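The values are calculated or read from the model by the stated rules, or taken from the named source; none is laboratory data. All figures in this text were calculated on a predicted structure; none of them were measured in a lab. No Cβ is skipped: glycine too gets one built from the backbone with ideal geometry, and neighbour counts run over all protein chains shown. SASA here: full protein model, heavy atoms, side chains in, ligands and nucleic acids out. Shrake-Rupley method; radii C 1.70, N 1.55, O 1.52, S 1.80 Å.
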Amino acid sequence: MLGFAILVTLLTMSDSCQEIRIKAKDGGVVLGRSMEFSDLRDYVNNYVVTEPSGTKHEAPRLPNCPGDPFTFSNRFKTITYKGTFRGEWLNTTADGINDAGLSASVLYFTDYAEYIDPSDIMGTACANSVPQTMVTTYILATYQTVEQVRSDLESGTFPAVWAGYDLGYVPPLHYNIIDKTGAGLVLEHVKGQGVKWYDNTVGVITNSPPYPWHMDNLRNYPRFQRNDNGREGFKYSSLGDDYSLAPQWTGSGLLGLPGDYTSPSRFVKAATFFHWLQHLPLLTTL
């Protein structure tokens, strides 16, 4: 069983996202994500869209690809989160899940994302390439499991990804893919490094920097725990007398937990809290 929830929040931050995956002891999996914008224009409208299997999708035309554009069709039923811009449907599928239990989400990857220039797609690549805005659409239409996505990435049969426009610019995106077992994969197109993918073992993703940086950053927080770190308090000596200022509150087990809204801090906080939620006995307790 896999559940999926989307929360769009209008806050003072801009372009901030995070997603978490919780897996209960009975095997149930729940996903949740936030999508925060400081300024969501009234000419951008958002919708939950259902598509039957067999739905056909067509990539935009490319300058050096004569003939018909690349097309693909849904192998599965899907529920996706999409929007319109000034009355026209956007290419981007922000989030979704198919009836095989596979989910895919996009999150902003500012200053690190880099895709193939559309003019560099030619020859045989024309028949297997999508803009970054359609990657989640393709994944939900095509795959049942994270392992299938990884296999195509490793073999080079996954489509080439080129820089497409939406909302009047090239959105910098990376992707989180989770299947019904809770297995996860982060897919990133990293400036100067090309296509990268990683097992999402912690079950959390936010924004920039790349996923391996976030995982290394967790090494800076090895001592967080659910219980308090003792009651001895702050000890000192003054004028020949010893003093001890014992804490009169709880929560010292999380002393130093980041509380700001930067992407690294949100990653650390989410990874810490949701690690403890893995101990839930049943999905129905959520």
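List of remarks:
- Ranking LEU107, TYR211, GLN225 by how far each Cα lies toward the positive end of the dipole of the chain (charges on Cβ) leaves GLN225 at the top.
- Inter-probe distance in nm under a simple model that places probes 7 Å from Cα toward Cβ, at THR110 and GLU58: 3.5 nm
- Distance between the 7 Å Cα→Cβ label points at LYS191 and PHE234: 4.2 nm.
- Most to least accessible of GLU154, GLU114 (protein chains only, probe 1.4 Å): GLU154, GLU114
- Principal-axis tilt of helix 146-155 within the chain, Cα atoms, nearest 10 degrees: 60 degrees
- The stretch 144-209: translational diffusion in µm²/s, Stokes-Einstein, Kirkwood Rh over Cα pairs, 4 °C, 1.567 mPa s: 99 µm²/s
- In a reduced charge model with +1 at each Lys and Arg Cβ and -1 at each Asp and Glu Cβ, the chain shows a dipole moment near 580 debye about its Cα centre.
- Number of Lys-Lys pairs in the chain with C-alpha atoms under 30 Å apart and a separation of 8 or more places or on different chains: 23.
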